[in-house]
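Trainee: Before I ask anything, let me first share the structure, which is written out below as structure tokens.
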């Protein structure tokens, strides 16, 4: 059962920035890149659980603020040569609003 | 339709170029590669360890068949290109294949030079160049015992060493007076010979070969003096000859090698050439190191980015023979216009010679103790003026306190010795990554192992491991680009920002041809700093290019909470301030209250959402941000000075507060710490700060460039002044010259060592006009950027960056 939840407007997130959606105990980091694409991953780096929402966003990836791992925002995978994966959420934008799929 | 790129030569140079090209323009070309050897691409420089039995062929493969497949590269193995039709743009190979090209890359490498004496074509006479040669040597050693190596250079000695390891009795024949005459002087050459003799190697020096005799195979070698040696194998290692047969045949201009310009283009603009087969500015290179610089430039032009030129490479040498430690670089012989500094310690087997001209290092040769080779090489490449460190030069970089990895002798370390204390990486991890993954550069080692990627203090050690593992084939790049997003250096980027008046990151990326639109975390932070520090009035700080600590105005901790450290001016506080801090700690359940090293109080475990609330409470009692999170002025540490102390000579707390009021809020290349001590007892430890004041009865001593962190560095005494006004002017001028000229993330200590203390002193002390201008520019920057509007107040009460501190949404 998929469940699309509206979490806010695209403009609520700065370009090349991120905001956090609190889903119970889990923080979801929602990112906006320079092409106004929006991505969502679990706000926890696979390395040492750094908060990815606090990282620097570039292209379709984010650099974790703790130890500079780069995470691919399209699937939550660490970019080579690092290895690991954090949870990934599907997103869509409708009329300027962001929806995140919570399973 | 994709264009067609054909590469002739499947060696390291060609494939490195292809790798670089795939990185920046993966879809531009259909790529076809011809390789005469029946293997994939392997790391030729590790053939010595294969010969020694330390590695297998599989371990030195760089790109296997799968790699070519994954990257849609057509590889013709064991196929030799026989002709190129430059008019029709086609390549023909000896298996009958003929294909078209739009661009052609020639990387045919070099062949060992075989001395054309009678008998040179007998079976058993080989070079030392490829897997086949190594196979022949190993095979011969199984049934035969005697070998002769002609050539006492790098390659010859490595071959001889390998043959001894395979159980052979080896004599090295050398034409010159001493071994490795192109990398060593006579003294170190003699020491090397002595060490090798102890390992069982035999030598015949000043010997010229006249004839090789044998009936159907090698049996004997004869010399000009009439003497002869019986042998079963002769390895010729007397040099290499660029393989330019094909290039000549198709009419490309060749001298010793295929002549190329600074973009690695031959006289035919559709044809590029790279590696050992080329001649560039009159130089032919026989080491692998220059290939990497060439490959970068060549790939850039093949991708039609059109930036970057190859200007030649200064190479350094290391010999890959166990138990022998030697390093040489540059002009180590010197002449009547140069000076030498020499250390010679026969009982330790140590010899070091540095050749200096005009206070700059021209070259160095080190034997027995090569720890500082990388450092000398760096000083040499950067052209650093060494007059200030001349007296300590010979003792090396490590004579200063260096925390986290004492000792520093990489060669003697065991594999489990920790190299990178931040990330827990051992020497064995680094060596394994270099050999198994085929790494060549510091950046690659950082990416794969994390070694030296955090605090960076072990960078020198990692470079040493690269050197000792790869030998002479490792070369630190001449000038390092900021990151993989650009080929430009920090200094070049900043110069262009100034010259072209670039006032935003996007301007910089566009004008300087960045490889991607957004850059990465490393270059965005650097370029943002350069833009705002160069054009304080015209530019706008790019919030999203700040590290999280500078966005949130608090330090992120490992669990994602933050710390709050209010400013305590000159280390002074009041009961009211302490009460405010205590109240906040209790109100927000902050258990950890810590007295910092900079005379302040830190509160830890703060939830991000609560930061503005805490700041509001602290602001209400007059406390402001301590910038403990910023590349900025941190603290001004003081002692109580003459107001209380019986030894105090001046008002050290007073001058400390004034210094802090002058400079707080100013963004710097890195953190910046000051201190003011009331007397030469120096209780505030001013001589390990970026800017330190030591009060004396007659005035104030000003000290610069100290560091108490990674590598302890004691300040240099800048000058002595008489008044507080002068102290403040010099401080402002020093802050500004550091802000304008140091590279991002370069503390004052390494910056001063790089540019030379004399330069800084001349700029600030000797040139009063320049000092005043610098101080004015500092004050201007402080005013125009409103840097002293407390960032905490702006966020706690004025609504700045409100989105930073609240969740987008709370669900579930």
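The values are calculated or read from the model by the stated rules, or taken from the named source; none is laboratory data. Keep in mind the model is a prediction, meaning the values are calculated, not measured. Methodologically, a virtual Cβ is constructed for each residue, glycine included, from the backbone with ideal geometry; neighbour enumeration extends over all protein chains shown.
Trainee: Which condition number in (1) out of contact with any strand residue (DSSP E or B) (no Cβ under 8 Å at 6 or more places or on another chain); (2) outside the structural domain of residue B:743 (by TED's automatic domain parsing); (3) at pLDDT 95 or above is the one that residue B:669 fails?
Mentor: Going through the list (1) out of contact with any strand residue (DSSP E or B) (no Cβ under 8 Å at 6 or more places or on another chain); (2) outside the structural domain of residue B:743 (by TED's automatic domain parsing); (3) at pLDDT 95 or above, residue B:669 breaks only (2).
Trainee: Could we say that residue B:731 is touching a strand residue (DSSP E or B) at 6+ places or on another chain (Cβ under 7 Å), in a helix (DSSP H, G or I) and in contact (Cβ under 8 Å) with a residue 60 or more places away in the chain here?
Mentor: yes
Trainee: Further, regarding this structure: Is there a residue being without any contact (Cβ under 8 Å) to a residue 40 or more places away in the chain and under 10 Å from the mean Cα position of the chain (by Cα) anywhere in region A:30-41?
Mentor: yes
Trainee: Just one of B:724, B:741, B:804, B:729 is within 14 Å of chain A (Cβ to nearest Cβ) and touching a helix residue (DSSP H, G or I) at 6+ places or on another chain (Cβ under 8 Å); which is it?
Mentor: Matching residue, one of B:724, B:741, B:804, B:729: B:804.
Trainee: Would you pick out the residues in region B:632-643 that are surrounded by fewer than 24 Cβ atoms within 10 Å (Cβ to Cβ) and over 12 Å from residue B:665 (Cβ atoms)?
Mentor: Answer for region B:632-643, where residues must be surrounded by fewer than 24 Cβ atoms within 10 Å (Cβ to Cβ) and over 12 Å from residue B:665 (Cβ atoms): B:640, B:642, B:643.
Trainee: Taking region B:428-467, which residues are without any contact (Cβ under 8 Å) to a residue 40 or more places away in the chain, surrounded by fewer than 19 Cβ atoms within 10 Å (Cβ to Cβ) and within 14 Å of another protein chain (Cβ to nearest Cβ)?
Mentor: Answer for region B:428-467, where residues must be without any contact (Cβ under 8 Å) to a residue 40 or more places away in the chain, surrounded by fewer than 19 Cβ atoms within 10 Å (Cβ to Cβ) and within 14 Å of another protein chain (Cβ to nearest Cβ): B:432, B:437, B:444, B:454.
Trainee: If we only count strands (runs of 3 or more DSSP E) wholly inside region A:6-97, which ones have 3 or more residues that are closer than 18 Å to residue B:806 by Cα and within 7 Å of another protein chain (Cβ to nearest Cβ)? Step through it out loud before you land on a result.
Mentor: Numbers: elements: A:17-23, A:26-32, A:38-42, A:56-58, A:61-63, A:70-72, A:91-94.
Those strands (runs of 3 or more DSSP E) span A:17-23.
Trainee: Restricting to strands (runs of 3 or more DSSP E) lying wholly in region B:514-630: which have 3 or more residues that are within 14 Å of chain A (Cβ to nearest Cβ)? Lay out the reasoning, then the answer.
Mentor: On the way: elements: B:562-564, B:592-595, B:601-606.
Of the strands (runs of 3 or more DSSP E) lying wholly inside region B:514-630, none has at least 3 residues that are within 14 Å of chain A (Cβ to nearest Cβ).
Trainee: What residue, of B:196, B:192, is modelled with pLDDT under 95, within 22 Å of residue B:287 (Cα to Cα) and outside any loop (DSSP other than H, G, I, E, B)?
Mentor: B:192
Trainee: Does residue B:595 satisfy the condition of being in contact with a helix residue (DSSP H, G or I) (Cβ under 6 Å, 6 or more places away or on another chain), closer than 30 Å to residue B:692 by Cβ and modelled with pLDDT of 95 or more?
Mentor: Numbers: in contact with a helix residue (DSSP H, G or I) (Cβ under 6 Å, 6 or more places away or on another chain): no; closer than 30 Å to residue B:692 by Cβ: yes; modelled with pLDDT of 95 or more: yes.
No; evaluated as a whole, the condition is false for this residue.
Trainee: Just checking, how many residues over region B:175-196 are out of contact with any strand residue (DSSP E or B) (no Cβ under 7 Å at 6 or more places or on another chain) and either farther than 25 Å from residue B:329 by Cβ or surrounded by 22 or more Cβ atoms within 10 Å (Cβ to Cβ) (or both)? Outline the logic, then answer.
Mentor: If we filter region B:175-196 for residues that are out of contact with any strand residue (DSSP E or B) (no Cβ under 7 Å at 6 or more places or on another chain), which is where we start, we get B:175-182, B:186, B:189-190, B:194-196.
Filter once more, keeping what is either farther than 25 Å from residue B:329 by Cβ or surrounded by 22 or more Cβ atoms within 10 Å (Cβ to Cβ) (or both): B:179-180, B:189, B:196.
Within region B:175-196, residues that are out of contact with any strand residue (DSSP E or B) (no Cβ under 7 Å at 6 or more places or on another chain) and either farther than 25 Å from residue B:329 by Cβ or surrounded by 22 or more Cβ atoms within 10 Å (Cβ to Cβ) (or both) number 4.
Trainee: So, one more: Take region B:300-317 and flag every residue that is out of contact with any strand residue (DSSP E or B) (no Cβ under 8 Å at 6 or more places or on another chain) and closer than 19 Å to residue B:492 by Cβ.
Mentor: Scanning region B:300-317 gives B:300, B:305, B:306, B:307, B:308, B:309, B:311, B:313.
Trainee: Check off (1) in the same structural domain as residue B:722 (by TED's automatic domain parsing); (2) surrounded by fewer than 19 Cβ atoms within 10 Å (Cβ to Cβ); (3) in contact (Cβ under 8 Å) with a residue 12 or more places away in the chain for residue B:655 and give me the number that stays unchecked.
Mentor: Exception for residue B:655: condition (2).
For (1) in contact (Cβ under 8 Å) with a residue 24 or more places away in the chain; (2) touching a helix residue (DSSP H, G or I) at 6+ places or on another chain (Cβ under 7 Å), each residue gets a yes or a no:
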{"site": "B:292", "(1), (2)": "yes, yes"}
{"site": "B:298", "(1), (2)": "yes, yes"}
{"site": "B:309", "(1), (2)": "yes, yes"}
{"site": "B:324", "(1), (2)": "yes, yes"}
{"site": "B:337", "(1), (2)": "no, no"}
{"site": "B:352", "(1), (2)": "yes, yes"}
{"site": "B:370", "(1), (2)": "yes, no"}
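Trainee: Name the pairs whose Cβ atoms lie under 6 Å apart, with the first residue in region B:776-790 and in the same structural domain as residue B:731 (by TED's automatic domain parsing), the second assigned to a helix (DSSP H, G or I) and modelled with pLDDT of 95 or more, and 6 or more positions between them or separate chains?
Mentor: B:777/B:736; B:778/B:732; B:778/B:735; B:778/B:736
Trainee: Next question. Any residue at all in region B:491-512 that's within 13 Å of chain A (Cβ to nearest Cβ) and assigned to a loop (DSSP other than H, G, I, E, B)?
Mentor: Taking every residue of region B:491-512 in turn, none turns out to be within 13 Å of chain A (Cβ to nearest Cβ) and assigned to a loop (DSSP other than H, G, I, E, B).
Trainee: Being out of contact with any strand residue (DSSP E or B) (no Cβ under 9 Å at 6 or more places or on another chain) and either touching a residue at least 60 places away in the same chain (Cβ under 8 Å) or not in a loop (DSSP other than H, G, I, E, B) (or both) narrows it down to one residue among B:286, B:251, B:275; which is it?
Mentor: From the options B:286, B:251, B:275, the qualifying one is B:251.
Trainee: Looking at this structure, is residue B:486 more than 10 Å from chain A (Cβ to nearest Cβ), under 24 Å from the mean Cα position of the chain (by Cα), part of a loop (DSSP other than H, G, I, E, B) and surrounded by 19 or more Cβ atoms within 10 Å (Cβ to Cβ)?
Mentor: yes
Trainee: Here is a follow-up. Looking at (1) in contact (Cβ under 8 Å) with a residue 40 or more places away in the chain; (2) in the same structural domain as residue B:665 (by TED's automatic domain parsing), find the lone condition where residue B:804 falls short.
Mentor: It fails just one condition, (2).
Trainee: Quick one: which strands (runs of 3 or more DSSP E) lie wholly within region B:99-179 and hold at least 2 residues that are within 34 Å of the chain's Cα centre (by Cα)?
Mentor: B:103-106, B:110-112
Trainee: Follow-up question, since we're still on this one. Sort through B:247, B:237, B:273 and tell me the only one that's in contact with a helix residue (DSSP H, G or I) (Cβ under 6 Å, 6 or more places away or on another chain) and surrounded by 20 or more Cβ atoms within 10 Å (Cβ to Cβ).
Mentor: Of the residues listed, the single one that is in contact with a helix residue (DSSP H, G or I) (Cβ under 6 Å, 6 or more places away or on another chain) and surrounded by 20 or more Cβ atoms within 10 Å (Cβ to Cβ) is B:237.
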